[in-house]
Amino acid sequence: MKGMKRFLFIGLASLVFMGCSDSSPSVDSLLEAAEKQEAGVIQSLEGMVLIESGSDDLPGVARMADYVETRLRKLDAKVSRIKTTTGTADIIKGTLSGNGALRIMLIAHTDTVYAKGILESEPLYREGNRLYGPGVADDKGGIAVILHALDILRKQGWQNYEQITVLFNPDEEIGSTGSGEIIADEGASQDVVLSFEPSPARAMLGADGVLLGAAGTGQAVMTVEGRAAHAGSAPDQGRNALLELSHQLLQTEKVADNMDDAQLNWTTAHAGLKRNQIPADAQASGDVRIFSEEAGERLLAALNEKVSESQLVPDTQVSVRLEPGRPPYMAGEKGIALAHKAQAIYDELDGRKLILIPRTFGGTDAGYAGRSGNPAVLESLGLAGWGYHAKNEYIEIDSIVPRLYLASRLMMELGDEYAQK
């Protein structure tokens, strides 16, 4: 941050912070601290990426749990392990106690989508402004921002909060089936939740961004009941459930195309047990994304209407159901106010702008964290990058300092705000 813009802002900010009851660090020292942390963030990212932690790689996820527990203890946090409700891995919870009024939770996840051994084909490496590696953005970049922002504030002596809670869960990439309810329970007692999923690279947006909405996830299940028969000598006596399922999948393929708050993609199917037997049953499942409970109800009604329009195989029975998953995240008034505060902080940085992304069909644990309606929730405070869930995932190195500054400064401002309530 250079030039007259920086001088004027720091002069004004110093007057503001002189009046705070807590010994808040100055804006200038906060930025300098963020700049000094950049090399450390890169080192943290390299260490985490080299720990393969796909959701089903339980030893790898356990090593990540050990890693973040050790890092939180170095920040003087009280650390506990909470078993997921599925009992397969640990959520790491860290708490810090201060002398203020703000209750804030920071969340990120330790698992990735990648299979064990991915580093053999997609190694960690740096090229120009990019650091590549599986999971480097989603979501080890988010973990790094949390750890290093807290380190900045600890070293500056900031304690203007009642409690900071940090949750690192091990199953986000498989729907948070074992951690979602725990995140929801913890979120209900917070004033603010900041979620550190990655933000899209500047090359994609033309600026940095934070997210105001993400779809809830679910599963559509279509079941067809037919009649078995010998596939060679008596196929006409059967009622082929596989053929009827195929017909209904094609018939419902575009059922959500005219819905701007729902999405359906059929993704898996199975039918029959023997090559020489007409299949008596068949089932398909599809990925569902919805932005409200009402959207799910309308999608199910549209599916039922479609399957009743026509039948390819007589005397077969078709049924459809929706199974809910992760709830949608919608920032609402409180979250939007947080986003505007974040924009104002970004305006202090020369050459950086922060845009508000209205929504994405991707899912996020921010939906669980804000389900109670109590906390203000803001998503995508992690590092900027791209290629998540794909090949050559990367973060933009020049997003490290702005994101550290944003996270630490946002917590600092919120601490002042809640102290005055």
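Only one of the numbered conditions (1) closer than 24 Å to PHE361 by Cα; (2) modelled with pLDDT of 95 or more; (3) polar (S, T, N, Q) is not met by SER308, and that is (1).
Annotation note: of GLU333, GLU379, GLU393, the sole residue that is open to solvent by 10 Å² or more (accessible area, probe 1.4 Å) and of a type in the set (Asp, Glu) is GLU333.
Exactly one residue out of GLY128, GLY133 is open to solvent by less than 10 Å² (accessible area, probe 1.4 Å) and not basic (Lys, Arg): that is GLY133. Among the residues of region 233-277, those identified as in contact with an Asp or Glu (Cβ under 6 Å, 6 or more places away or on another chain) and either of a type in the set (Phe, Trp, Tyr) or closer than 13 Å to VAL288 by Cα (or both) are ASN265, THR267.
Residues checked against (1) part of a helix (DSSP H, G or I); (2) small (Gly, Ala, Ser):
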site: GLY296; (1), (2): yes, yes
site: LYS306; (1), (2): yes, no
site: VAL318; (1), (2): no, no
site: ARG321; (1), (2): no, no
site: ALA344; (1), (2): yes, yes
site: GLU348; (1), (2): no, no
site: GLY351; (1), (2): no, yes
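All conditions in (1) open to solvent by 50 Å² or more (accessible area, probe 1.4 Å); (2) among the small types (Gly, Ala, Ser); (3) part of a helix (DSSP H, G or I); (4) in contact (Cβ under 8 Å) with a residue 40 or more places away in the chain hold for ALA301, with the sole exception of (4). Answer with yes or no whether ASN276 is under 30 Å from GLN248 (Cβ atoms) and in contact (Cβ under 8 Å) with a residue 24 or more places away in the chain. It is true that ASN276 is under 30 Å from GLN248 (Cβ atoms) and in contact (Cβ under 8 Å) with a residue 24 or more places away in the chain.
Whether a residue is of a type outside the set (Asp, Glu) and over 18 Å from the mean Cα position of the chain (by Cα) was assessed, and ALA201 does not pass this test. In summary, GLU309 fulfils each of the numbered conditions (1) acidic (Asp, Glu); (2) touching a strand residue (DSSP E or B) at 6+ places or on another chain (Cβ under 9 Å); (3) open to solvent by 10 Å² or more (accessible area, probe 1.4 Å) with the single exception of condition (2).
Conditions (1) surrounded by 15 or more Cβ atoms within 10 Å (Cβ to Cβ); (2) β-branched (Val, Ile, Thr); (3) on the phi > 0 side of the Ramachandran plot, marked per residue:
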residue: PRO327; (1), (2), (3): yes, no, no
residue: ALA339; (1), (2), (3): yes, no, no
residue: LYS353; (1), (2), (3): no, no, no
residue: THR360; (1), (2), (3): yes, yes, no
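Could you tell me whether any residue of region 398-408 is under 30 Å from GLU253 (Cβ atoms), open to solvent by 20 Å² or more (accessible area, probe 1.4 Å) and of a type in the set (D, E, K, R)? No; the residues of region 398-408 include none that is under 30 Å from GLU253 (Cβ atoms), open to solvent by 20 Å² or more (accessible area, probe 1.4 Å) and of a type in the set (D, E, K, R). For region 229-247, the condition holds for no residue, the condition being that it is within 30 Å of PRO327 (Cβ to Cβ), modelled with pLDDT of 95 or more and open to solvent by 80 Å² or more (accessible area, probe 1.4 Å). If you go through region 353-381 and keep only what is within 13 Å of the chain's Cα centre (by Cα) and part of a loop (DSSP other than H, G, I, E, B), you end up with ARG359, PHE361, GLY362, GLY363, THR364, ASP365, GLY370, SER380, LEU381. Out of the residues in region 55-90 that are of a type outside the set (A, V, I, L, M, F, W, C) and in a strand (DSSP E or B), state the one that is nearest to GLU413 (Cα to Cα). If we take residues in region 55-90 being of a type outside the set (A, V, I, L, M, F, W, C) and in a strand (DSSP E or B), then LYS78 is nearest to GLU413 (Cα to Cα). For region 46-85, which positions are within 20 Å of GLU173 (Cα to Cα) and either at pLDDT below 95 or open to solvent by 70 Å² or more (accessible area, probe 1.4 Å) (or both)? Across region 46-85, the qualifying residues are LEU50, ASP56, LEU58, PRO59, ARG63, ASP66, ARG81, LYS83, THR85. Filtered by the rule that a residue be closer than 18 Å to GLU379 by Cβ and surrounded by fewer than 17 Cβ atoms within 10 Å (Cβ to Cβ), region 172-187 gives no residues.
The values are calculated or read from the model by the stated rules, or taken from the named source; none is laboratory data. The structure presented is a predicted model; accordingly, all values stated were derived computationally and were not measured. For neighbour counting, all protein chains shown are included, and Cβ atoms are generated from backbone atoms with ideal geometry for every residue, glycine included. Each accessible area value is taken on the protein alone, full model and side chains, heavy atoms only, with ligands, DNA and RNA left out. Shrake-Rupley method; radii C 1.70, N 1.55, O 1.52, S 1.80 Å.
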